[in-house]
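Q: First, the structure itself, so that you have it in front of you.
The values are calculated or read from the model by the stated rules, or taken from the named source; none is laboratory data. All figures in this text were calculated on a predicted structure; none of them were measured in a lab. Cβ coordinates were reconstructed from backbone atoms using ideal geometry, including for glycine residues, and neighbour counts include every protein chain displayed. Each accessible area value is taken on the protein alone, full model and side chains, heavy atoms only, with ligands, DNA and RNA left out. Shrake-Rupley method; radii C 1.70, N 1.55, O 1.52, S 1.80 Å.
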Amino acid sequence: MELLSMPTARLPIGRRHVGGRACSIICTGIAEPSGVPAPMGQKTEYRDGLFEKAFMSLFARKMEKFAEGGGEGKSKRSMWGWDYESFVDVSKRVMIRRSRKQQQEVVREVLLSMLPPGAPAQFRKLFPPTKWAAEFNAALTVPFFHWLVGPSEVIEVEVNGVKQRSGVHIKKCRYLENSGCVGMCVNMCKIPTQDFFTNEFGLPLTMNPRSHRRR
């Protein structure tokens, strides 16, 4: 599965692209926090710190108002009362009675709500579709999205004959593992994230899951 990054050009499954260049994310293998691959089918355990919990809470609280049984009022759950399971639960409730297109639109609205006014336009100026921008955003993906997808690392990929370190290899997708739903992965993560970076930030992004490889 893939994450936030930016390139242009289409890469095969397992890669993502960024304005003119490509950022790729390949979801392979299952790794415990220790780095040792866990048996297939075994759920990975995480020990989330304040940084991770802050992101979980931020996203979950933004999504709560769109979730089934939610509403416009504030959640009764405290800022630090969210964990990954409750974050995934909110995502599942957002999907209830919504079409795939509507689910994707909710994610777009949530992402936009987390940005200050004019942020997309400023981002386009700061990060034009270049090799540097693709590599820089790939590097940011690893630490800032560990809470969402689990351990990952920057890898070298080839885009239009040019090698660059703009690929992100996700060792095991935490979101897919915990949701257990491919449709949820596609409509609540893959498609809306691709569209958001491509249309709002002007950095074409392609996220293509790859099946786990046995080592």
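Q: Looking at segment 134-149, which of the residues that are out of contact with any Leu (no Cβ under 6 Å at 6 or more places or on another chain) and crowded, with 24+ Cβ neighbours inside 10 Å is nearest to Glu45 (Cα to Cα)?
A: Ranking the candidates gives Ala138 first.
Q: Restricting attention to segment 167-184, report how many residues are out of contact with any strand residue (DSSP E or B) (no Cβ under 7 Å at 6 or more places or on another chain) and open to solvent by 20 Å² or more (accessible area, probe 1.4 Å). First the steps, then the outcome.
A: Taking segment 167-184 as the starting set, the residues that turn out to be out of contact with any strand residue (DSSP E or B) (no Cβ under 7 Å at 6 or more places or on another chain) are 174-184.
Filter once more, keeping what is open to solvent by 20 Å² or more (accessible area, probe 1.4 Å): 176-178, 180-183.
Number of matching residues: 7.
Q: Related question: Could you tell me whether segment 96-103 includes any residue that is touching a Pro at 6+ places or on another chain (Cβ under 7 Å) and open to solvent by 40 Å² or more (accessible area, probe 1.4 Å)?
A: Checking segment 96-103: not a single residue is touching a Pro at 6+ places or on another chain (Cβ under 7 Å) and open to solvent by 40 Å² or more (accessible area, probe 1.4 Å).
Q: Hey, another quick one. Given (1) open to solvent by less than 20 Å² (accessible area, probe 1.4 Å); (2) of a type in the set (S, T, N, Q); (3) over 27 Å from Asp48 (Cα atoms), where does Asn187 come up short, assuming only one miss?
A: (3)
Q: Applying the selection to segment 120-148, what residues are part of a helix (DSSP H, G or I), modelled with pLDDT of 85 or more and under 23 Å from Glu64 (Cα atoms)?
A: Of everything in segment 120-148, those that are part of a helix (DSSP H, G or I), modelled with pLDDT of 85 or more and under 23 Å from Glu64 (Cα atoms) turn out to be Phe144, Trp147, Leu148.
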